[in-house]
Amino acid sequence: MLGFIASRTGRWVRILAGTGLVLGGLGTGSPRGAMVALTGLVPLMSGALDLFLLGPLFGLPVNGADARRALGQPEDAPLLDLAHDGGRSPYAPPSTLLH
């Protein structure tokens, strides 16, 4: 479970869940909704900044890349794969459907 949370997919899940909490909380317009929105900032920011906040509870580092190394996971591709090459090279041309 810790490996998933620290992975690229886990980061996206945290970002999306945090965004949902922030938008849902702000959408209510109530003080309780504001508290939900503030709570949603934690997973949103930890995923966006690649922080593994549960790490210290399990003797792992807070930095996401360091936590993945400590867990023995392969190096993840960046959060956004803009080169469309699976994170292999930042200079690879984008793939196209027409070859």
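The values are calculated or read from the model by the stated rules, or taken from the named source; none is laboratory data. Quick caveat, the model's predicted, so the values are computed rather than measured. Neighbour counts run over all protein chains shown; Cβ positions are idealised from the backbone, glycine included. For the accessible areas, the whole protein counts, side chains as well, though only heavy atoms, and no ligand, DNA or RNA atoms are used. Shrake-Rupley method; radii C 1.70, N 1.55, O 1.52, S 1.80 Å.
Got a number for carbon plus sulfur as a percent of segment 1-43's accessible area, 1.4 Å probe?
Whole-percent figure for carbon plus sulfur exposure: 78.
Collect residues whose amide H, placed 1.01 Å from N in the peptide plane, falls under 5 Å from the amide H of Asn63; neighbours closer than 5 in sequence don't count.
Sorted by chain and number, the residues that satisfy this are Phe52.
Report the accessible area of Asp66, computed with a 1.4 Å probe over the heavy atoms of all protein chains in place, in Å² rounded to the nearest 10.
60 Å²
Please calculate how many Å² of accessible area segment 7-60 carries per residue, with a 1.4 Å probe and no DNA, RNA or ligand atoms counted.
60 Å²
Excluding Leu44 itself, calculate the net charge of residues whose Cβ lies under 12 Å from the Cβ of Leu44, where each Lys or Arg counts +1 and each Asp or Glu counts -1.
So the surrounding residues net to +2.
So for Met45, Met1, Met35, what's the accessible-area order with a 1.4 Å probe, most first?
Met1, Met35, Met45
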